[in-house]
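Here's the structure, in structure tokens; my notes come after.
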Amino acid sequence: MSDLLLGRVLSFTADPFEAGEGAARLDEAVVLEAGRIVAVGGAEALRRAHPGARVTDYGACVISAGFVDAHVHYPQTAIIASWGKRLIDWLNSYTFPEEMRFADPAYAEAVAARYLDLTRAHGTTSVCSYATIHPASVEALMAEAQARGQRIWTGKTCMDRNAPEGLRDTAQSAYDDSAALLAKWHGVGRLSYVITPRFSPTSTPAQLEAMGALWAANPSCLMQTHLSEQVDEIAWVKGLFPQARDYLDTYEAFGLLGKGGLYGHAIHLEPREKDRLREVDGSLIHCPTSNTFIGSGLFDMGGLKAAGHRIGLATDTGGGSSFSMLRTMAAAYEVGQLRGRPLHPAELWWLATQGSARSLHADHLIGNIAPGMEADLVVVDLASTPAIAQASARAETLWQALFPTIMMGDDRAIRAVWIGGTPG
Ligand code: GUN
Ligand code: ZN
């Protein structure tokens with residue numbers, strides 16, 4: 001049985017940062033079959049070519065690839081929007097006590113389901129998430145995503161210092177637990193394991209070395225960590241690793257710099273760090289609501305994209321203040337304005353779909369609408385509230401119609417979500 005969806009089908013044929021808004025393409029219909037996109041094009045032609053397809057008409061709604069959130073912490077779901085701290089205090093006051101609760105597998109399972117419910121309601125179909133140090137926290141999200149047929153990445157967060165008792169592993173146990181989870185889940189269906197040293201301050205050199213060895217032994221895995229998020233954090237890293245040339249060097253020295261490396265935040269980069277990240281084609285993950293909420297700084301999207309960096313977009317829930325990639329696009333726009341580089345709606349939408357998928361090296365599978373790609377779609381209502389409707393009613397172009405939803409939209413704008421060809 002195939003499905004034929006009618007609406008304003010938005011896809012990309014190129015990167016709009018390079019090709020401008022002409023990188024986007026609009027069609028009238030998309031056909032899904034067995035979890036894949038099989039055709040995109042004009043409504044009449046596709047109706048004729050697929051006479052047996054079940055038709056769903058979404059009218060003037062935009063049908064897009066589902067949003068891809070390239071850096072989240074699902075265990076921080078319950079502490080989102082916690083007041084008044086900066087990074088290190090925020091971790092100690094809110095994050096670590098909450099992550100401690102994931103010692104209870106039942107709690108991990110409940111939050112994993114709640115998190116995937118919330119993100120799906122916001123139009124997000126794929127995420128790359130940190131878990132906690134507890135292997136059961138990985139099991140919980142993997143199993144929940146598997147049951148929903150979702151493409152996700154997650155891994156056990158490794159920490160063997162500067163974290164409270166109960167949230168510390170060791171270099172050896174981190175290696176062994178990560179290796180066992182990887183062997184069980186990596187490449188099973190739509191699931192991928194991601195090697196996850198939290199960040200240099202919470203790993204000894206021995207643990208970073210162990211994570212580097214695990215990555216070298218499993219090069220098909222991605223590796224995720226945090227880099228140069230706050231000025232105080234960078235000073236702390238310099239004190240902990242006096243030999244390091246800079247923050248990135250604390251990863252580079254232990255085999256944790258490379259293509260397939262995901263470096264969250266990457267705000268306060270030295271010229272050498274930018275050069276090395278560009279040379280190895282590492283992924284920088286922009287987390288704009290987190291960077292303003294925790295007071296971290298303004299990511300240089302314009303400069304880094306122009307220099308050719310691979311960049312994804314992410315909520316960083318719960319340091320980020322929203323589950324919504326629409327809200328995240330809005331924050332990326334605002335940060336761009338503060339840096340003198342307003343991002344075009346095509347650039348924002350591309351970042352939240354293809355750009356994030358590309359940062360996860362999965363842009364051949366997800367993040368766009370094209371024949372052969374996996375059928376993860378979001379259907380977006382461009383008139384979801386009176387405030388948005390009255391602004392988009394004036395629009396003369398698609399981008400003018402879309403921008404009020406980017407700036408003011410939330411889960412009310414999400415008319416439908418399709419995951420693996422199944423509506424929800
Ligand atoms: N740096 C290390 N851990 C974290 C985290 O959980 N959230 C954010 N925003 N930064 C981090
Ligand atoms: Zn993070």
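The values are calculated or read from the model by the stated rules, or taken from the named source; none is laboratory data. Fair warning: this is a prediction, and the values are worked out from it, not measured in the lab. Every residue, glycine as well, gets a Cβ built from its backbone with ideal geometry; the counts of neighbours run over all protein chains shown. Just so you know, the surface numbers come from the protein's heavy atoms only, side chains and all, with ligands and any DNA or RNA stripped out. Shrake-Rupley method; radii C 1.70, N 1.55, O 1.52, S 1.80 Å.
Table for the structure above
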item	result
Cβ-placed point charges (K, R +1; D, E -1), dipole of segment 1-121 about Cα centre in debye, nearest 20	160
Above-threshold pairs, the threshold being 31 Å between Cα atoms, out of 156/238; 184/274; 238/259; 184/305	184/274; 184/305
√(5λ) per eigenvalue of the Cα gyration tensor, segment 298-351, largest first, Å	18, 12, 11
Solvent-accessible area per residue, Å², over the chain with all protein chains present [probe radius 1.4 Å]	35
Share of carbon and sulfur in the accessible heavy-atom surface of the chain [1.4 Å probe, %]	52
Whole-percent pair-distance distribution, where bins are 5 Å wide, for the alpha carbons of segment 237-361	2, 11, 21, 24, 20, 13, 6, 2, 0
Residues with amide H under 5 Å from that of residue 2, placed H, sequence gap 5 or more	54
Rg to Rh, two decimals, where segment 153-233 supplies the alpha carbon set and Rh follows Kirkwood	0.98
Residue order for 236, 349, 83 - accessible surface, 1.4 angstrom probe, largest first	83, 236, 349
Residues with amide H under 5 Å from that of residue 222, placed H, sequence gap 5 or more	195
Stokes-Einstein D (µm²/s) once Rh is taken as the Kirkwood radius of segment 268-424 over alpha-carbon pairs, at 37 °C in 0.692 mPa s	199
Antiparallel DSSP beta bridges within the chain, percent to nearest 5	40
The chain: calculated mean residue ellipticity at 222 nm from DSSP helix runs of at least 4, using -39500 (n - 2.57)	-10500 deg cm²/dmol
Surface accessible to a 1.4 Å probe, residue 408 within the full protein complex, Å²	90
Karplus (6.51, -1.76, 1.60) ³J(HN,Hα), θ = phi - 60°, over segment 280-296, in Hz, Gly and Pro reported as x	8, 6, x, 9, 9, 10, 8, 10, x, 6, 5, 5, 7, 5, 8, x, 8
Rounded if a/c under 1.5, otherwise prolate or oblate - segment 54-159, Cα gyration tensor axes	prolate
Per principal axis, descending, Cα span of the chain in whole Å	64, 45, 38
